[in-house]
Amino acid sequence: MTSMGKTRRTMSVGLIGAALALTLAAPARAGETPTAAAGWQLTSTGTDARFRGLAPVDRRTAWAAGSKGTVLRTTDGGRSWRDVSPPDAGELEFRDVEAFDARRAVVLAIGEGEASRVLRTEDGGTTWTETFRNADAQAFYDCMTFFDHRHGLAMSDPVDGKYRILSTRDGGRSWQVLPNAGMPDALPGEAGFAASGQCLVSSGPKDVWLATGGGATGRVLHSADRGLNWTATETTIPAGEGAKGVFALAFRDRRHGIAVGGDYRKDQPSPRAAAVTGDAGRTWAASATPPPAYRSGVAWLPHRGTTALAVGPTGTDLTTDGGRTWRTVDTGSYDTVDCTPDGSCWASGEKGRIARLARPWGAFGK
């Protein structure tokens with residue numbers, strides 16, 4: 001899930017909220033594939049892979065990374081997708097992708113030991129170079145984020161009691177493990193969730209946040225110096241078991257953020273599945289009306305207002321007040337969601353599902 005601090009358009013919050021509601025209720029246009037609710041328009045991907053990694057660049061270009069070593073790319077707004085999977089990657093489980101443009105992207109494969117890898121392409125996926133392979137049997141990498149085209153981080157579940165942070169200064173061509181002296185101790189049983197590519201997110205040139213679950217409380221860790229020093233804060237999202245906690249984060253600037261999560265088990269409820277912060281994550285407040293079920297992905301709309309989307313296996317929820325209250329606007333299954341600065345929103349998930357909203361956001365500001 002790409003997050004590189006691009007400038008967002010300033011638009012009326014009320015207008016955007018109304019436009020989103022109308023879009024989600026609009027009928028499918030000719031040539032588009034309708035979903036159960038017509039706001040998300042499914043695209044034809046030609047695969048049944050599950051896409052938990054998603055990196056839209058703009059209205060025309062997007063990348064998706066998923067199961068069975070699958071990587072797809074579109075350059076025509078989702079009308080067609082090209083399979084640009086790395087060769088002999090069928091055993092890899094891609095859970096995150098960070099894209100800079102139509103040619104350059106970095107993908108993260110998860111798993112214990114050598115299953116955790118990073119690959120990079122500079123020619124639109126025609127060729128790939130493996131730039132990192134985990135050699136520590138204790139490490140399990142979950143997510144990546146980039147501050148800009150050069151500086152990025154990846155995070156692993158705790159090794160020797162602390163989260164491990166991997167750093168790049170050359171756009172993912174090489175990686176180094178950062179010292180852990182500034183990392184607080186992990187809680188017993190605590191880890192990250194590789195559910196949507198959003199357990200590690202950044203905003204601006206240096207701020208980064210890490211989402212956790214499985215421990216006694218669902219926590220968010222924050223670093224203001226690109227991963228060298230961290231502080232940990234409890235959220236209101238319940239944890240306490242391996243399937244529960246904070247699954248995804250989104251920050252629209254270095255202060256205002258949303259956390260979503262819950263319990264990913266289908267037969268379990270997920271009360272208090274969202275929380276908000278206005279002080280860079282130093283404190284978190286529970287959403288007064290949270291999403292009704294577990295949510296694995298969240299994204300701010302591309303403007304400076306207070307509207308965002310959250311997605312999960314049972315639906316999509318909308319907030320127009322910065323995450324304080326949510327309402328369900330779609331019942332389709334998605335794992336992750338992202339919006340681009342030029343006004344498009346995308347979502348992806350199981351059974352090859354990749355969708356985008358039917359109309360570009362920029363049109364609503366005219």
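The values are calculated or read from the model by the stated rules, or taken from the named source; none is laboratory data. Note that the structure is predicted; figures quoted are calculated from it, not measured. Glycine also receives a Cβ, built like all others from the backbone with ideal geometry; neighbour counts cover every protein chain displayed.
Quick one: which strands (runs of 3 or more DSSP E) lie wholly within the stretch 87-136 and hold at least 3 residues that are modelled with pLDDT of 95 or more and surrounded by 21 or more Cβ atoms within 10 Å (Cβ to Cβ)?
Passing ranges, in order: 93-99, 105-110, 117-121.
Return the residues of the stretch 77-92 that are of a type in the set (D, E, K, R), over 22 Å from the mean Cα position of the chain (by Cα) and closer than 20 Å to Val57 by Cα; say none if nothing qualifies.
Within the stretch 77-92, just Arg79 meets the criteria.
A quick yes/no check of all residues on (1) under 17 Å from His256 (Cα atoms); (2) more than 17 Å from the chain's Cα centre (by Cα); (3) at pLDDT 95 or above; (4) buried (at least 22 other Cβ atoms within 10 Å of the Cβ):
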| residue | (1), (2), (3), (4) |
| --- | --- |
| Asp317 | no, no, yes, yes |
| Arg324 | yes, yes, yes, no |
| Val329 | no, yes, no, no |
| Tyr334 | no, no, yes, yes |
| Asp342 | no, yes, no, no |
| Gly349 | no, no, yes, yes |
| Ile354 | no, no, yes, yes |
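Under 26 Å from Thr236 (Cα atoms) and among the acidic types (Asp, Glu): is that true of Asp207 in this structure?
yes
If I filter the stretch 236-244 for residues that are in contact (Cβ under 8 Å) with a residue 40 or more places away in the chain and part of a strand (DSSP E or B), do I get at least one hit?
no
Test Asp253 against the criterion of being surrounded by fewer than 17 Cβ atoms within 10 Å (Cβ to Cβ) and under 17 Å from the mean Cα position of the chain (by Cα), and give yes or no.
yes
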